[in-house]
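Input: a single structure, listed below in structure tokens.
Since every read-out is calculated from the coordinates, none of them should be taken as a lab result. This is a predicted model, so every value here is computed, not measured. Quick reminder, even Gly has a Cβ in these numbers, built from the backbone with ideal geometry, and neighbours come from all protein chains shown.
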Amino acid sequence: MTSAHLVCHDCQLTLHLGAIKYAADEKRIGFSHGKYSPSELAALIEAFIAVHLEHDVETYAEQDFDTQDWSRYTALRPMPTMPTEIAPVDTMNIGPIVVRIEPHDGPSNDP
């Protein structure tokens, strides 16, 4: 199963969109993310695009994303279900969704 990422090159941010969903005729029909409900994911994507509307934004399929060096970019990831005082995280609000901010370790990163 292939997944996809939304990337803002101007702000150097990446957002994992989840697995690409396909119809019976293999037409792409959306995304499925294990950490977000469909409505949360839609709100997150909509807010990300609205904030970065006039920026250089691209969508990458996983196989293309994995060939790039994202070390200068920051990954926006789902918040843990149980945040703790032991592992505080930097966060950002994108529309109604709170995401954690993490530097990329290298060219290949899965949330």
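Amide hydrogen proximity for I94: with H placed 1.01 Å from N in the peptide plane, the residues at 5 or more positions away or on another chain lying under 5 Å are V99.
Other residues lying with their Cβ under 13 Å from the Cβ of I20 contribute a combined charge of 0, Lys and Arg counting +1, Asp and Glu -1. Here the 3J(HN,Hα) profile of the range 25-30, calculated from phi with Karplus coefficients 6.51, -1.76 and 1.60 at θ = phi - 60°, is 8, 6, 6, 5, 10, x Hz, Gly and Pro shown as x.
Can you give the % of DSSP beta bridges in the range 3-103 that are antiparallel, to the nearest 5? Don't skip to the end; give the middle numbers.
On the way: 24 of 27 bridges.
That works out to approximately 90 percent antiparallel.
Computed over the Cα atoms of the range 3-103, pair by distinct pair, the Kirkwood hydrodynamic radius stands at 14.4 angstrom.
Once backbone amide H atoms are built at 1.01 Å from N, A75 has T14, E102, H104 as its partners under 5 Å, excluding neighbours fewer than 5 places away on the same chain.
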